[in-house]
2 protein chains.
Amino acid sequence: MRTDARDNRERVLRAAREVFAEQGPRASLNRIAQRAGVGPGTLYRNFPGLQALLVAIISDDVDRLCTRGRSLLTHPSPDEALLSWLREVATHATAMRGLVASQMAALRASRDPALAACHDAIRDTGAALLARAQRDGSAPAGVDIADLLVLVNALAWASEQAPDDPALLDRLFALATGGLLDRAAGKLPAWGRYGD
Amino acid sequence: MRTDARDNRERVLRAAREVFAEQGPRASLNRIAQRAGVGPGTLYRNFPGLQALLVAIISDDVDRLCTRGRSLLTHPSPDEALLSWLREVATHATAMRGLVASQMAALRASRDPALAACHDAIRDTGAALLARAQRDGSAPAGVDIADLLVLVNALAWASEQAPDDPALLDRLFALATGGLLDRAAGKLPAWGRYGD
């Protein structure tokens with residue numbers, strides 16, 4: 001991709017995030033083009049529709065999460081690395097669902113390969129972090145990364161149901177991951193942080 | 001309430017559960033009256049509308065859950081009693097949401113006092129079971145029953161998203177409550193049951 005094309009793409013995605021945040025996921029594409037300072041033609045060439053735009057935003061976030069996850073693979077404490085990454089995934093899930101909730105069913109139904117790639121990337125990154133914590137003995141051997149991600153997603157969903165309680169996600173996270181850490185090592189796990 | 005009036009009420013509620021299960025929560029009240037073998041007048045006298053019927057079904061389930069919870073207060077193991085009751089709440093939440101998902105927002109908005117009473121009854125029963133496990137030292141001191149119920153509800157929501165995986169709720173439950181039990185007592189908690 002040429003530099004100016006890449007710049008345009010970035011500018012459109014940044015504008016889309018802003019406009020979605022202000023107006024919800026049904027914001028018009030023309031408004032987004034306007035905010036980005038590009039012509040509608042440029043926007044449609046990069047993103048043929050609302051779904052393509054949403055998938056691109058999700059992909060960007062997932063790239064960032066996976067880069068972060070890979071860098072956590074050298075963190076001195078494998079269990080803290082795993083929990084810290086899962087916590088970021090939960091925050092991402094909350095932000096994304098707010099953004100795309102009304103579109104998510106359509107997105108899933110579209111079986112967009114970029115979305116499937118996001119799913120795989122998150123699972124693989126999480127699996128590497130979990131495997132490291134399991135080798136270290138600080139996460140139980142039987143845990144499946146798919147279940148762990150479903151759990152994190154459920155916590156994100158619950159926290160969205162209570163917009164008046166911004167600390168809920170942290171409390172639920174400490175509550176639900178209390179059994180995950182340091183049992184083998186005999187250290188105080190996340191439970192110790194619940195309610196502090 | 002006279003015996004025949006109570007019988008009619010029970011018959012209508014049983015028929016409503018069946019018809020809802022077959023046709024979803026938008027089933028017609030006339031169909032429910034037909035199935036129950038009562039006239040539409042009898043049904044409307046007991047339940048002036050769909051919401052009243054749904055609230056009555058929820059109240060019945062909650063009564064059963066609270067009776068069960070009270071009987072668990074004499075269970076020899078306070079932590080097993082708590083977990084076992086929370087597991088039943090999760091099952092109830094799953095069944096109920098399947099039934100009333102499309103009506104739940106309206107139900108909540110209606111601020112029906114019977115629904116608020118259900119909420120309070122579940123919280124009080126759970127609080128008694130949790131307090132007992134905390135006194136026993138088998139549940140951590142800082143946990144709040146409200147958070148625990150939000151967590152259980154989130155697991156129920158997640159399991160509904162995966163209708164093809166009926167064992168998911170059990171796995172999530174073991175995963176998320178692994179930190180809840182027996183830390184103080186040093187026994188193997190629910191984690192030990194995850195993935196068995």
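Output, in nm with one decimal and in ascending order, the distances from the A:Arg31 label point to the matching label points of the other copies (7 Å from Cα along Cα-to-Cβ).
3.9
Using only the alpha carbons of segment B:13-103, determine the length spanned along each of the three principal axes and report them from longest to shortest in whole angstroms.
49, 23, 17
Using the count of nearby Cβ atoms within 10 Å as a rough guide to exposure, how do B:His119, A:His92, B:His75 rank from fewest to most?
By the 10 Å Cβ count, ascending, the order reads B:His119, B:His75, A:His92.
Does the protein assembly as shown come out rounded, prolate or oblate by the C-alpha gyration tensor, with a ≥ b ≥ c the root eigenvalues, rounded set by a/c under 1.5 and, if not, prolate when a/b is larger than b/c and oblate if not?
oblate
Which listed residue (A:Ala33, A:Leu86, A:Val150) has the Cα farthest towards the positive end of the charge dipole for chain A, taking +1 on Lys and Arg C-beta and -1 on Asp and Glu C-beta about the Cα centre?
So the residue furthest toward the plus end is A:Ala33.
Averaged over peptide A:168-178, how many Cβ atoms belonging to another chain are found within 10 Å of each residue's Cβ?
Counting Cβ atoms of other protein chains within 10 Å of each residue's Cβ and averaging gives 5.
Over the whole of A:144-152, what's the average partner chain Cβ count within 10 Å per residue? Rounded to a whole number, please.
Mean shielding count: 4.
Report the full-extension gain for the segment B:Arg6 to B:Thr67: residue separation times 0.36 nm, less the Cα-Cα distance, to one decimal in nm.
Difference between extended and current length: 20.0 nm.
Cβ under 12 Å from B:Ala33's Cβ, B:Ala33 left aside: what net charge do those residues give with Lys, Arg +1 and Asp, Glu -1?
Local net charge: +4.
Hey, got the dipole for segment B:58-169? About the Cα centre, +1 on K and R Cβ, -1 on D and E Cβ, debye to the nearest 20?
Magnitude of the dipole: close to 240 debye.
Can you tell me which of A:Leu172, A:Leu82, A:Leu129 moves the most in a GNM of chain A? Springs connect C-alpha atoms under 10 Å apart.
Sorting by GNM fluctuation, first place goes to A:Leu172.
Excluding A:Ile145 itself, calculate the net charge of residues whose Cβ lies under 10 Å from the Cβ of A:Ile145, where each Lys or Arg counts +1 and each Asp or Glu counts -1.
Taking every Cβ under 10 Å from that of A:Ile145, the sum is -2.
Just to be sure I understand: if I project the alpha-carbon convex hull of chain A onto a plane and average over all orientations, what area do I get in nm²?
12.4 nm²
Read-outs throughout are calculated quantities, based only on the coordinates presented, and are distinct from any laboratory measurement. Predicted model only: the values in this text are computed from it and were never measured. Glycine gets a Cβ as well: all are built from the backbone with ideal geometry, and neighbour counts include every protein chain shown.
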